[in-house]
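The values are calculated or read from the model by the stated rules, or taken from the named source; none is laboratory data. Note that this is a predicted model, so its numbers are computed, not measured. Cβ atoms come from the backbone with ideal geometry, glycine included; neighbour counts cover every protein chain shown. When the accessible area is computed, the model is the full protein with side chains, heavy atoms only, and any ligands, DNA or RNA have been set aside. Shrake-Rupley method; radii C 1.70, N 1.55, O 1.52, S 1.80 Å.
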Amino acid sequence: MADKVENLILEHLRALRGGQDRIEHELREVKLRLGSLESAVVGTKRDTVHAQEDVARQQVSIDWLKERLDRIERRLDLREEA
C-alpha cells in the first residue's frame, strides 16, 4: 500500500514538473515576443521623431524663404499694403 501511495505521489510530481516545464518554455517565448514588440514600438517612435524633425526643418526653410521674398518685395516696392 505504501508503495502505491509513493508511486502515486511520484506520478503527480512528474506531471507537475512537466506542466512547469511547459509554462517556463511558453514564458520564454512570450518574453521574446514582447522584446520584439518593444523594439517595434521604439522603431515607430524613432520614425515619428524623424518625420517631425523633417517638418520642423522644412518650416524653417519656408520661414527663411518668406523673409527673403518679403525683403525683395519691399525693395522693389511690389508690396501691397493691407
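The label point for residue 15 and the one for residue 40, both projected 7 Å from the Cα toward the Cβ, are 3.8 nm apart.
In the range 17-72, carbon and sulfur make up what percent of the accessible area (probe 1.4 Å)?
Working: 3090 of 5190 Å².
Carbon with sulfur: 60 percent of the solvent-accessible area.
Helix 2-75 against the longest principal axis of the chain: what's the angle in degrees, Cα atoms only, rounded to the nearest 10? Value to nearest ten degrees: 0.
I want the local charge near residue 46. Using Cβ-Cβ distances under 15 Å, sum +1 for each Lys or Arg and -1 for each Asp or Glu among the other residues. Intermediate values should be presented prior to the final figure.
Values: positive: 45; negative: 38, 47, 53, 54.
Once positives and negatives cancel, what remains is -3.
The mean accessible area for residues of the chain, using a 1.4 Å probe and ignoring ligands and nucleic acids, is 100 Å² per residue.
Starting from the coordinates of the alpha-carbon atoms of the chain, obtain the Kirkwood hydrodynamic radius over all distinct pairs and give the value in Å to one decimal.
Computed over the chain, the radius equals 19.6 Å.
Which distance in Å, rounded to a whole number, links the C-alpha centroids of the range 1-21 and the range 32-82? So the separation of the two Cα centres works out to 68 Å.
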